[in-house]
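Here is the structure we will look at, set down as structure tokens.
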Amino acid sequence: MFTVRPRVARIGFACSAHRCDALAASWKTRGAAAVTCIAGFGMESDAEIDAYAAAICKAVVDHQIPFMLETHRASITQDAWRTVQLSRRFPKLRFNLDLSHWYTGQEMPYGDRNARLAFLEPIFKQTSSFMANW
């Protein structure tokens, strides 16, 4: 008889860009297949947001583990516009996409649906996983 240990993705919270490396290292040593991270509190400057993105991209290389930034309320990705701009500045950044807070908080059901989807295209192209919780 043998034991199969499934490899699963793990999630963490990074309250600073410096925390991203430790998060990736910790989950890598525990056998995680990937890491997804909620970063910041949503009040960061563009420079602070870029520091998170750079730290996540560096951790991918340093620890050889997929590391995705989760779109999440009250984080650096709480706003669709800023997240699209971030994706353009960091084309290697990957996302764990949770659209629930954008859908309700940014009134996604209203207006031109096709225009909204076209605007989000850069993020869709960089999405590695999708949260389907609604």
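Annotations for the structure displayed:
- Residue within the range 40-60 that is of a type in the set (D, E, K, R) and within 14 Å of Arg94 (Cα to Cα) present: yes
- Condition check for Thr104: part of a helix (DSSP H, G or I) and at pLDDT below 95: yes
- Of all residues in the range 60-71 being surrounded by 22 or more Cβ atoms within 10 Å (Cβ to Cβ) and without any contact (Cβ under 8 Å) to a residue 60 or more places away in the chain, the one that is farthest from Pro122 (Cα to Cα): Phe67
- In the range 26-53, the residues that are modelled with pLDDT of 95 or more, assigned to a helix (DSSP H, G or I) and within 13 Å of Ala14 (Cα to Cα): Glu48, Ile49, Ala51, Tyr52, Ala53
The values are calculated or read from the model by the stated rules, or taken from the named source; none is laboratory data. Remember, predicted model here, so these are calculated numbers, not experimental data. With ideal geometry, Cβ positions are generated from the backbone for all residues, glycine too; neighbour counts draw on all protein chains shown.
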